[in-house]
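Have a look at the structure below, then the notes.
What follows draws every value from the coordinates through simple rules; no lab data is involved. On a predicted model such as this, the values are computed, not experimentally measured, just so you know. Don't worry about glycine lacking a Cβ; one is built from the backbone with ideal geometry, like all the others, and counts go over all protein chains shown.
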Amino acid sequence: MMKIAVAGTGYVGLVTGVCLAENGHSVTCVDIDEDKVALMRDGVSPIYEPGLEELMKKNMEKLHFTTDYQQAYKDADVIFIGVGTPEKKDGSANLSYVYGVAEQIAESIEKDCVVVVKSTVPIGTNDKIEEIIKSSLKNDVNVYVASNPEFLAQGSAVKDTLHASRIVVGVEEEFAGKVLREVYKGFDAPIIVTNRKSAEMIKYASNDFLALKISFINEIANLCEIIGADIEDVALGMGYDTRIGNRFLNAGIGYGGSCFPKDTKALHWLANFHDYELKTVKAAIDVNENQKLKLIKKSRKYFDSFKDLNVAVLGLTFKPGTDDLREAPTLVNIPLMLEDGANVKAWDPVGAKNFKKLHPDDVTYCETIEDTIKDADVCFIFTEWDEVKNFDLTKYAELMKTPIVLDGRNCYRLKDAAKAKVIYDSVGRESIN
Ligand code: NAD
């Protein structure tokens, strides 16, 4: 059992803290947000992530939540950094939160410890973190900095952490590697040990490759529409090739979330900074920007303006299983509809609460899909929640004023849409009119 502190209680920090407690460690989770800390002390997760709150409640004896970083860091064996690294205006990563924690660690620690960087940080940042800590240490102690990038996906974060595809550990000295092996004893995952820069690169290269795969299939989908092929069949046929694999071949209106958009831009920025143009990553970014507006462009086939149209929106989050709205396609699409005069009704099982903070008055939030689509002139599907995928298609025809369904996530089979007599337009497939 080790004494562990985790800085940041977002999707990465909190899930890491809870899973480490589940594996027997004593974990203090630190955040600057007092409201979040108060909720967590009551056993309530401030974010939606399947299974997280239950696991948190189960391990409350081993979990502590505080804003008092000094108390948390001073005698910790290991301190994880899991704070955000959002995008700056120029596309580079904002490292101020990470460096802020490094300074707090330097002023707090009273014994030797390993600082583990879980946040996604550009190649070379771990060196800088080590420099910051070592140059401002208050006490005479040894600090070892290790890179340990996180690969969890929102919506399955607990499962992804307890049964990770791999645990990547980037170290410059043997000792940190030994401590991390001890921390992760009991986790069901292979451990890959590299140097720090390679570990930092593994994270960006993995995310950017997945973003590229999505943008690639989206471009093929766009071409399928033009030439009359069907992207679902094409993806199925491609996926059987084990060199390609069948995951991340779902065509749609583009990736969103807190990682792919910023991690593609940050690596592209970093490459440019070193006078190298990452052309494939740039292409993924550009394709995704256009793809986000695909449904709005398609809708021009059916009407010239949104003025006074009743628009139903199903799904607000960037993907199912999360309440996170960061870079969700709805954030650009819904304002365009509203500006053009639409009456927007929206449904999302967990994301509506957060969307309401951004659009409290100009969007009507419904509890059911039926209420959302009732009397609508058009329905947009932005997130493939199970409730949407399992929804009885005939109800669109029954409840909508005009049953035009524009599906950005290919939730239905074309033959079912045709049978249900809806006008159905999806991505990379024939339109059903
Ligand atoms: P988040 O924005 O959900 O959470 C960050 C938290 O850090 C916030 O609660 C914030 O209040 C807190 N914080 C800021 N400064 C702090 C400080 N000095 N001390 C303590 N807490 C502080 O972020 P996230 O989505 O969990 O992402 C964290 C990092 O992990 C990012 O670098 C991200 O790229 C990476 N990552 C995220 C995911 C994901 O799916 N969200 C997956 C893999 C990697």
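Key figures
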| quantity | calculated |
| --- | --- |
| Out-of-range pairs (alpha-carbon distance over 18 Å; input 389/415; 203/262; 294/395) | 294/395 |
| Mean Cβ neighbour count within 10 Å, used as a protection proxy, ranking 292-298, 334-340, 116-122, 272-278 highest first | 116-122, 292-298, 334-340, 272-278 |
| Computed magnitude of the charge dipole of segment 113-190 (debye, nearest 20; Cβ of K, R +1, Cβ of D, E -1) | 220 |
| Structure-based [θ]222 nm, the chain - -39500 (n - 2.57) summed over DSSP H runs of at least 4, per residue, nearest 500 | -12500 deg cm²/dmol |
| Two-decimal log10 I(q)/I(0) for the chain, as the Debye equation yields it once each C-alpha is a single scatterer, q = 0.07, 0.10, 0.14 Å⁻¹ | -0.38, -0.76, -1.26 |
| Cα-centred dipole magnitude for segment 281-433, charges only on beta-carbon of K, R (+1) and D, E (-1), debye, nearest 20 | 500 |
| Dipole of the chain [Lys/Arg +1, Asp/Glu -1 at C-beta], most positive-end residue of 85, 291, 153 | 291 |
| Note, ³J(HN,Hα) from phi for segment 339-351, Karplus 6.51, -1.76, 1.60, rounded to Hz, x at Gly and Pro | 4, 7, x, 6, 9, 9, 10, 10, 9, 7, x, 10, x |
| Segment 213-264 and segment 378-406: distance between their alpha carbon centers, rounded to Å | 23 |
| Angle between the chain longest axis and helix 196-227 axis [Cα atoms, degrees, rounded to 10] | 0 |
| Rh (Kirkwood; distinct C-alpha pairs) - segment 3-194, Å | 16.5 |
| q = 0.13 Å⁻¹: log10 I(q)/I(0) that the Debye formula gives for segment 294-425, counting C-alpha atoms only | -0.46 |
| Low-density loop positions, trypsin sites (Lys or Arg not before Pro), segment 129-211 - DSSP coil, at most 15 other Cβ in 10 Å | 138, 166, 185 |
| For peptides 139-148, 18-27, sequence by mean Cβ density within 10 Å, most packed first | 18-27, 139-148 |
| Unit charges at the beta carbon, dipole of the chain: most positive-side option, 21, 236, 215 | 236 |
| Candidate aspartates and glutamates for bridging to residue 138, where Cα separation is under 16 Å - those fewer than 8 sequence places away on the same chain excluded | 75, 103, 107, 110, 112, 130 |
| Sequence-separation-based contact order of segment 318-397, relative, with Cα cut under 8 Å and 6+ spacing, percent | 32 |
| Normalised contact order of segment 3-194, rounded percent, pairs of Cα under 8 Å and 6 or more residues apart | 20 |
